[in-house]
Amino acid sequence: MENRRKREYPSLDGVGEDHRSLRIISPAYAGREGEMTAILQYVYQSIVLGARCEEEVARALHQISVDEMMHLQLLGTLICKLGAPPTFTSCPPYPVGYYSASNVDYTRSPQKMILSDIAAERAAIAAYEKMLLQLTNERVRAVISAICEEEREHLCRLETLLLQV
């Protein structure tokens, strides 16, 4: 298993109610292409590939899923601090558009899995970059920027994995 450094994320201390920032970041939490989908997709893929004895790729995807879990935790905590409960919807606090696992790409071809992941990471990076252009709350921007940087690292790792499958 690769040796990974423990990432330090910006502090959430001092983040208070801010409905504008809340609306901007909410889709990344449990929206169709948000962190919840990323987690479930990477876990699904790591299980399928692990069962096929493709341990190295399975471990790499599992580790990315752990990173995505941290992103979900950070976004959920931000959502709370910004003034809404972290319900698994695309637009907390409104009880509409609840998360559905049908958002996950259930392909079983290793190459198609990684290609799907690469496309999803590129979309996530673009979404986070768009958020950064819209956010004025510097504390929220710092967290989103850190998440975006880690998504860029995931993209590089996936592009390398694609050469292995």
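Observations on the model:
- Evaluation of C91 against the conditions (1) over 19 Å from A126 (Cβ atoms); (2) touching a His at 6+ places or on another chain (Cβ under 7 Å) shows that the sole unmet condition is (2).
Every residue, every condition in (1) in contact with a helix residue (DSSP H, G or I) (Cβ under 6 Å, 6 or more places away or on another chain); (2) of a type in the set (S, T, N, Q); (3) in contact (Cβ under 8 Å) with a residue 24 or more places away in the chain; (4) not in a strand (DSSP E or B), yes or no:
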{"position": "I39", "(1), (2), (3), (4)": "yes, no, yes, yes"}
{"position": "Q45", "(1), (2), (3), (4)": "yes, yes, yes, yes"}
{"position": "S65", "(1), (2), (3), (4)": "yes, yes, yes, yes"}
{"position": "M70", "(1), (2), (3), (4)": "no, no, yes, yes"}
{"position": "G76", "(1), (2), (3), (4)": "no, no, yes, yes"}
{"position": "P86", "(1), (2), (3), (4)": "yes, no, yes, yes"}
{"position": "P93", "(1), (2), (3), (4)": "no, no, no, yes"}
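- Checking every residue in the range 91-113 against the condition of being among the small types (G, A, S), within 15 Å of the chain's Cα centre (by Cα) and surrounded by 19 or more Cβ atoms within 10 Å (Cβ to Cβ) gives zero matches.
- Residue check, M70 within 19 Å of the chain's Cα centre (by Cα) and surrounded by fewer than 18 Cβ atoms within 10 Å (Cβ to Cβ): yes
- Across the range 4-52, the qualifying residues are those that are crowded, with 19+ Cβ neighbours inside 10 Å and of a type in the set (S, T, Y), and the one among them that is farthest from V96 (Cα to Cα) is S46.
- Of the numbered criteria (1) aliphatic (A, V, I, L, M); (2) closer than 28 Å to E17 by Cα; (3) free of Cβ contacts under 8 Å to residues at least 12 places away in the same chain, the one A119 fails is (2).
- Flag for K130 being among the charged types (D, E, K, R), more than 22 Å from V43 (Cα to Cα) and surrounded by 14 or more Cβ atoms within 10 Å (Cβ to Cβ): no
- Considering each residue of the range 75-83 in turn, at least one proves to be within 27 Å of L115 (Cβ to Cβ) and touching an Asp or Glu at 6+ places or on another chain (Cβ under 9 Å).
Here, each number is a calculation from the coordinates, and none is a lab measurement. Note that the structure is predicted; figures quoted are calculated from it, not measured. Methodologically, a virtual Cβ is constructed for each residue, glycine included, from the backbone with ideal geometry; neighbour enumeration extends over all protein chains shown.
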